[in-house]
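Undergrad: I am attaching a structure below and will ask some questions about it afterwards.
Read-outs throughout are calculated quantities, based only on the coordinates presented, and are distinct from any laboratory measurement. The structure displayed is predicted, hence computed values, not measured ones. Note: ideal-geometry Cβ built from the backbone for every residue, glycine included; neighbour counts use all protein chains shown.
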Amino acid sequence: MKYLKIGLVTLIALFQWSLFGQTTDAMSAKTIDYSYLTEVGTIDFSGYTIDDYSKAFDHALQMKTDSLNAANVMKGNVVMSMLAKQVNAEIVNHNLDSNARQTKDLLIKFRAQHYYVYLPEVSMIIKFFGYVCMGEYSHIYNVVTTNSKILPIVIFGVVLLCVVILHLFGKIKWKYKKLTNHLILVVFFIFVVLTIAFKLTCGCNVDEYSFYGIAIN
């Protein structure tokens, strides 16, 4: 009797584990892998984390590339399309962080399959430094002259430059001439160093949505 009770308890435990012990990922994988094509559209993505979306993408890609099973290919295409729309909605609704490393990796995988999920407008700062990096000065001129936010800064810079030039030619008389000369020399040196460093490193550090690793959207 004692051994019968032990065996019965063990069976109950195994049964409970088989029902509730599976991970969310395994359950979602089963849903995607074995549901009929007509039921794929009813997959519930609520509660999915970025890991769940990434693994669901891998399952969809595996089905999509199953050349031996046409139904799987169709099902994989449908699931991947649904995932792309869902991930985009999650990012727009701020449920997923578009700047997180895992999210960026997932978006890269989507793009490799020609699903361009969440492409925010490139910021003016990125455009400006991108043009500077590539030496596209005609584009820089267009950005400077057409952007109402940048134009006042440019005007201030031009005025400041004129003042500096007048100072260097002795047209402006003031008490702290030597100190001003030293300050201009230091600023000019820093500017030259930063400009050279930028031109040498910008090629791999300025991309569509980030500037030296800082996300700018």
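Undergrad: Would you grab the residues whose amide H sits under 5 Å from the one on Phe211? Only those 5+ places off in sequence or on another chain, please, with H modelled 1.01 Å from N.
TA: HN-HN under 5 Å from Phe211: Ile216.
Undergrad: So for each of 50-57, 99-106 I average, over its residues, the number of other beta carbons within 10 Å; can you give me the resulting order with the highest mean first?
TA: Listed from highest to lowest mean packing, they are 50-57, 99-106.
Undergrad: Okay, next question. Quick one: Kirkwood hydrodynamic radius for the stretch 96-194, alpha-carbon pairs, angstrom, one decimal?
TA: 17.7
Undergrad: Related question: Is there a quick way to get the dipole size of the stretch 79-123? I mean about its Cα centre, with the Cβ of Lys and Arg at +1 and of Asp and Glu at -1; what is the value in debye to the nearest 20?
TA: With only Lys, Arg, Asp and Glu charged at Cβ, the dipole is about 160 debye.
Undergrad: Can you tell me the order of 135-144, 65-74 when each peptide is scored by its average per-residue count of other Cβ atoms within 10 angstrom, highest first?
TA: So the peptides 135-144, 65-74, ranked by packing, come out 135-144, 65-74.
Undergrad: What are the ³J(HN,Hα) couplings of the stretch 191-203, residue after residue, when phi is run through the Karplus curve with 6.51, -1.76, 1.60 and θ = phi - 60°? Round to Hz, x for glycine and proline.
TA: 4, 5, 4, 5, 5, 5, 4, 5, 5, 7, 10, 5, x
Undergrad: For the pairs Lys75/Lys104; Lys149/Lys175; Lys177/Lys199; Lys149/Lys173; Lys127/Lys199, flag any whose C-alpha to C-alpha distance is greater than 27 Å.
TA: The answer is Lys149/Lys175; Lys177/Lys199; Lys149/Lys173.
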